[in-house]
Amino acid sequence: MTLYESWRCVLRRYFCSFLGVALVALGVATTANARLGVAPISSIAYVAHCIAEELSWSPRFLWTLGATSFVLNLIFFVAQWALERGDFFRRQFWQLPLTFVFSALIDFFGWTLGDVFYRAYVMQLIGTFLGCFFVALGITFELVGDVLYLPGDGMVKSLACAVKAPFGFTKATFDVSLLVVSLFASFATLGYVVGLREGSAICALSVGPLARCLAPLVPRARASLRIAT
């Protein structure tokens, strides 16, 4: 492989990774727009956002879904570092600016979508399922690029490697755990459930299986884009 071809391969990897992040942000914004609950990976951030709205915390810009997602992903970043150690920070430093872009995209897509899905219950369900698909597809593109991961997805990958479990299974287990923490936080703060509805369960049960179904596309996409494994 020539130097030119090598750089083209690197650019394709980063493009796929960034596209994956944008799709995950679109998925989170779409499910939030449907207002039936978000994908579990963002459930804690979504519940924090909803709690802030319920209690009228200010300033409001600190409690947008994008802002709370940024803080949550910083926590995931630290946890991933604790799992991997070694030269993790040098290899995964770009997760930090990527997290900022991801959080900004959530608020941007949320603003763009407006109330397009929040008009009838059937539209809310459609928005929820579309959001789940976008999240799973985004994770798939992150795996195709295999250079940049959101801290949450990167931590799932680190966990899967640590316990030697399939990525899809680890993802599903991790998602359910996040929902449990979100429920506890909601009850502890308000005394009732906020931000979590049937859509949260749909996302918890569908994102993992969808990611497993899309997993066979990863080697095919790499071959098609001439991305070296």
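The values are calculated or read from the model by the stated rules, or taken from the named source; none is laboratory data. The structure presented is a predicted model; accordingly, all values stated were derived computationally and were not measured. Reconstructed Cβ throughout: ideal geometry from the backbone, glycine too, with neighbour counts over all protein chains shown. Note: areas computed on protein heavy atoms with side chains; ligands, DNA, RNA excluded. Shrake-Rupley method; radii C 1.70, N 1.55, O 1.52, S 1.80 Å.
A few notes on this one:
- Tally of residues being open to solvent by 50 Å² or more (accessible area, probe 1.4 Å), over 20 Å from Gly168 (Cα atoms) and aromatic (Phe, Trp, Tyr) across segment 91-137: 7
- Residues in segment 50-69 that are open to solvent by 30 Å² or more (accessible area, probe 1.4 Å), out of contact with any Lys or Arg (no Cβ under 9 Å at 6 or more places or on another chain) and not basic (Lys, Arg): Glu54, Leu55, Ser56, Trp57, Ser58, Pro59, Phe61, Leu62, Trp63, Thr64.
- Residue check for Thr30: surrounded by fewer than 24 Cβ atoms within 10 Å (Cβ to Cβ), under 27 Å from Phe141 (Cα atoms) and at pLDDT 90 or above: no
- For segment 138-151, the set of residues classified as part of a loop (DSSP other than H, G, I, E, B) and either of a type in the set (Lys, Arg) or buried (at least 23 other Cβ atoms within 10 Å of the Cβ) (or both) consists of Tyr149, Leu150, listed by residue number.
- Top-ranked residue of segment 33-44 - restricted to ones that are open to solvent by 10 Å² or more (accessible area, probe 1.4 Å) and β-branched (Val, Ile, Thr), ranked as modelled with the lowest pLDDT: Ile41
- Figure legend. Inter-residue proximity from segment 20-38: first residues of a type in the set (D, E, K, R), second residues open to solvent by 10 Å² or more (accessible area, probe 1.4 Å) and in a helix (DSSP H, G or I), beta-carbon distance below 7 Å, spacing 6+ or different chains. Indicated pairs: Arg35/Gln124.
- Of all residues in segment 12-52, those satisfying the criterion of being of a type in the set (Val, Ile, Thr) and within 16 Å of Gly127 (Cβ to Cβ) are Val24, Val28, Thr30, Thr31, Val38.
- Single residue of segment 205-228 satisfying the filter (more than 9 Å from Val144 (Cβ to Cβ), out of contact with any Cys (no Cβ under 8 Å at 6 or more places or on another chain) and among the aliphatic types (A, V, I, L, M)) that is modelled with the lowest pLDDT: Ala223
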